[in-house]
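This report refers to the structure that appears directly beneath it.
Computed from the coordinates by the stated procedures, all read-outs in this text should not be read as laboratory data. Keep in mind that this is a model prediction, so the values were computed, not measured. Virtual Cβ from ideal backbone geometry, glycine too; neighbours counted across all protein chains shown.
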Amino acid sequence: MILPGASLTEAAEVAERIRLKLNEKEMLIAKSTTIRISASLGVSSSEETGDYDFEQLQSLADRRLYLAKQAGRNRVFASDNA
């Protein structure tokens, strides 16, 4: 998702709101079986790199997505140290 004009902090807050909204919903997948959706999200911003280079920003967000998954899933990472 691209959020023009959003800072890294603002983008991370949007990602966290999305994660929480997804997590609060239960989905019926069978007659009496429900599941809860979780999401891991990686966030990056052009303010970190000083330039809007889509490939670089995508790579940064992707790396953070994998860090979020490795840290236990269902979380948002907006830095490599989160």
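From the helices alone, meaning DSSP H stretches of at least four residues, give me the mean residue ellipticity at 222 nm for the chain, per-run term -39500 (n - 2.57), in deg cm²/dmol to the nearest 500. Please report the intermediate quantities before stating the final value.
On the way: 3 runs with 38 residues, N = 82.
After summing the helix terms and dividing by the residues of the chain, the value is -14500 deg cm²/dmol.
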**Asked** Label residue 26 and residue 46 with points 7 Å out from Cα along Cα→Cβ: what is the distance between them in nm?
**Response** 4.4 nm
**Complete:** Filtered hits (aspartates and glutamates, Cα-Cα < 20 Å from residue 69, offset >= 8 within chain) -> 13, 16, 24, 80
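Could you work out the relative contact order of the stretch 8-77? I mean the mean sequence separation of Cα pairs under 8 Å and 6+ apart, divided by the number of residues, in percent. Please report the intermediate quantities before stating the final value.
Details: 98 pairs, mean separation 24.2, N = 70.
That works out to 35 percent.
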**Prompt:** Any idea what the alpha-carbon Rg over 2.2 N^0.38 Å comes to for the chain?
**Reply:** 1.24
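How long is the gain from residue 56 to residue 8 if the chain were fully straight, where each residue apart is worth 0.36 nm and the alpha carbon distance is subtracted? Please list the in-between numbers first.
Values: separation 48, 0.36 × 48 = 17.28 nm, distance 1.47 nm.
Full extension from residue 56 to residue 8 adds 15.8 nm.
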**Item:** Under the Karplus curve 6.51 cos²θ - 1.76 cosθ + 1.60, θ = phi - 60°, whole-Hz ³J(HN,Hα) for the stretch 17-32, x wherever Gly or Pro sits
**Value:** 4, 4, 4, 5, 4, 4, 6, 7, 8, 10, 10, 7, 10, 8, 3, 9
**Message:** Under the rule of at least 5 residues apart or a separate chain, name every residue whose amide H is placed under 5 Å from the amide H of residue 76.
**Reply:** 41
